[in-house]
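Working notes for the structure below.
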């Protein structure tokens with residue numbers, strides 16, 4: 001293998017030969033080319049890397065108003081401000097309105113009619129010869145008041161009170177009052193019979209109200225989980241900045257060491273240049289970390305719906321809580337199967353989706369019951385009672401009504417059969433199919449929830465293992481960096497090697513931090529999958545829905 005000095009000599013000889021050729025060719029200009037040694041020195045000049053602009057970028061500008069938040073405070077802000085939670089909390093009130101509308105079927109109706117007539121009717125010749133008058137004149141004023149409605153048993157009622165005043169030619173234009181009060185009852189015996197059938201709409205509306213409650217709870221579950229995970233993302237981004245700030249301090253310390261070693265003649269410019277490159281890389285990583293903090297802060301502000309005078313808030317959120325996996329319940333690998341099994345039982349008991357599917361099945365059963373009732377023929381029993389009075393004096397007329405001057409009793413039946421009744425039979429068939437679909441959706445929901453518990457539990461265990469593995473990696477890399485820096489001071493290694501180990505240490509710190517954040521988020525996902533998140537956080541969703 002040829003030495004570098006041999007190569008340098010060859011290069012110089014070639015350069016001298018080229019110069020002689022240029023002298024013998026007057027048409028060629030003479031170039032002032034620096035010697036190769038100068039080119040090498042220029043190539044490794046420490047001025048090739050300027051850190052001033054990066055240093056200015058790392059100098060963070062004055063921050064906007066800061067808002068220090070604990071995790072619990074972030075959760076309360078999400079409960080109070082998150083628009084999705086606020087929208088979902090209105091749904092139960094809408095369901096209450098639907099139930100009120102269903103109850104309106106049994107509201108009584110009060111009806112009032114008032115009529116006045118003045119008639120003059122000409123008689124034919126036979127009546128004229130018999131009555132010896134040519135026309136009949138009459139004046140009539142009548143009033144009818146009706147109170148009608150329906151009971152939960154299906155009974156329809158109507159209470160009538162009629163009063164009229166009449167003057168006619170036959171009465172010598174002597175006014176006469178007549179009054180009646182009566183009650184009519186219609187009781188279905190087949191279609192529309194019984195409280196169960198007639199209150200189907202009310203019970204279905206009550207189930208819809210409970211479905212809306214469950215949906216609101218599901219929204220709260222998801223949005224609180226989003227808020228917690230967004231908070232941990234911001235906390236992780238803040239901790240990552242500290243890691244990169246430490247890495248920058250280490251790179252600057254290495255640069256300072258190499259500059260001193262160069263000054264005393266134990267290091268070359270290339271060592272300083274490599275150290276400068278390491279500082280530049282750490283500065284760029286820190287700038288990117290600052291941007292990730294801003295992004296994570298904006299994501300949390302979106303979940304918390306934080307605004308300034310209607311605009312997206314410029315406030316800087318500072319998370320005061322730090323990831324502390326040691327404070328969360330321990331998940332031992334040996335207990336994984338038991339943990340997942342208990343989680344499945346909890347999910348089937350606490351997850352709102354299960355209540356929603358049960359209520360959907362209940363409403364499908366009610367619809368089937370209603371459709372089955374519509375297939376029955378109509379057969380009603382009708383009873384009526386009327387009492388009345390008549391006199392030329394109003395008071396005596398009322399007394400006659402009360403004393404049953406006139407009375408009428410009636411009892412009868414009425415019925416109707418729809419030939420074929422395809423509309424009712426089709427509705428009943430559709431209702432039964434809807435109920436089957438609801439039952440199958442419940443089975444599907446069960447499987448999805450149980451699988452979600454398995455995935456969330458596995459993620460907890462995986463991130464727990466990764467967290468411990470990365471913790472050990474950090475310890476190893478710290479030892480490697482310390483040892484390599486001592487080797488550098490002894491002159492048995494290079495700045496490049498130290499920089500590489502520092503990069504490995506920084507990556508290990510970041511990975512450990514990410515594993516801690518991932519573990520915290522995995523625990524949240526497990527509590528979300530089992531439906532116990534709100535209980536773990538001490539949140540009563542029913543109180544939230546109530547106001």
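Annotations
- For the residues 481, 460, 492, the requirement of being modelled with pLDDT of 90 or more and assigned by TED's automatic domain parsing to the domain that holds residue 530 singles out 460.
- Considering the conditions (1) closer than 30 Å to residue 164 by Cα; (2) surrounded by 11 or more Cβ atoms within 10 Å (Cβ to Cβ), residue 412 is excluded by exactly one of them, (2).
- Test: residue in region 46-66 that is assigned to a helix (DSSP H, G or I) and either modelled with pLDDT of 90 or more or assigned by TED's automatic domain parsing to the domain that holds residue 231 (or both): no
- Unmet criterion (only one of (1) surrounded by fewer than 21 Cβ atoms within 10 Å (Cβ to Cβ); (2) touching a residue at least 12 places away in the same chain (Cβ under 8 Å); (3) farther than 21 Å from residue 491 by Cα) for residue 268: (3)
- Residue in region 402-423 that is part of a helix (DSSP H, G or I) and in contact with a helix residue (DSSP H, G or I) (Cβ under 9 Å, 6 or more places away or on another chain) present: yes
Matching residues to (1) within 30 Å of residue 279 (Cβ to Cβ); (2) buried (at least 21 other Cβ atoms within 10 Å of the Cβ):
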{"residue": "461", "(1), (2)": "no, no"}
{"residue": "465", "(1), (2)": "no, no"}
{"residue": "473", "(1), (2)": "yes, no"}
{"residue": "504", "(1), (2)": "yes, no"}
{"residue": "510", "(1), (2)": "yes, no"}
{"residue": "515", "(1), (2)": "yes, yes"}
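- Checked against (1) in a helix (DSSP H, G or I); (2) in contact with a strand residue (DSSP E or B) (Cβ under 7 Å, 6 or more places away or on another chain), residue 385 meets all criteria but (1).
- When residue 276 is tested against (1) assigned to a helix (DSSP H, G or I); (2) modelled with pLDDT of 85 or more; (3) more than 24 Å from the chain's Cα centre (by Cα), exactly one condition is not met: (2).
- Within region 305-317, the set of residues being surrounded by 15 or more Cβ atoms within 10 Å (Cβ to Cβ) and either more than 24 Å from the chain's Cα centre (by Cα) or farther than 22 Å from residue 518 by Cβ (or both) comprises 305, 306, 313, 315, 316.
- Against the numbered list (1) out of contact with any strand residue (DSSP E or B) (no Cβ under 8 Å at 6 or more places or on another chain); (2) crowded, with 18+ Cβ neighbours inside 10 Å, residue 322 comes up short only at (2).
- Candidates 408, 397, 462, filtered to the one that is at negative phi and within 28 Å of the chain's Cα centre (by Cα): 462
- Condition met for residue 201 (in a loop (DSSP other than H, G, I, E, B), touching a helix residue (DSSP H, G or I) at 6+ places or on another chain (Cβ under 7 Å) and touching a residue at least 12 places away in the same chain (Cβ under 8 Å)): no
- Qualifying residue in region 319-330 (condition: assigned by TED's automatic domain parsing to the domain that holds residue 233 and farther than 30 Å from residue 462 by Cβ): no
- Residue check for residue 235: in contact (Cβ under 8 Å) with a residue 24 or more places away in the chain, crowded, with 21+ Cβ neighbours inside 10 Å, in a helix (DSSP H, G or I) and more than 31 Å from the chain's Cα centre (by Cα): no
- Candidate set from region 482-498 (those that are surrounded by fewer than 21 Cβ atoms within 10 Å (Cβ to Cβ) and touching a residue at least 40 places away in the same chain (Cβ under 8 Å)); member that is farthest from residue 79 (Cα to Cα): 491
The values are calculated or read from the model by the stated rules, or taken from the named source; none is laboratory data. Keep in mind that what you see is a predicted model, and the values were worked out from it rather than measured. Every residue, glycine as well, gets a Cβ built from its backbone with ideal geometry; the counts of neighbours run over all protein chains shown.
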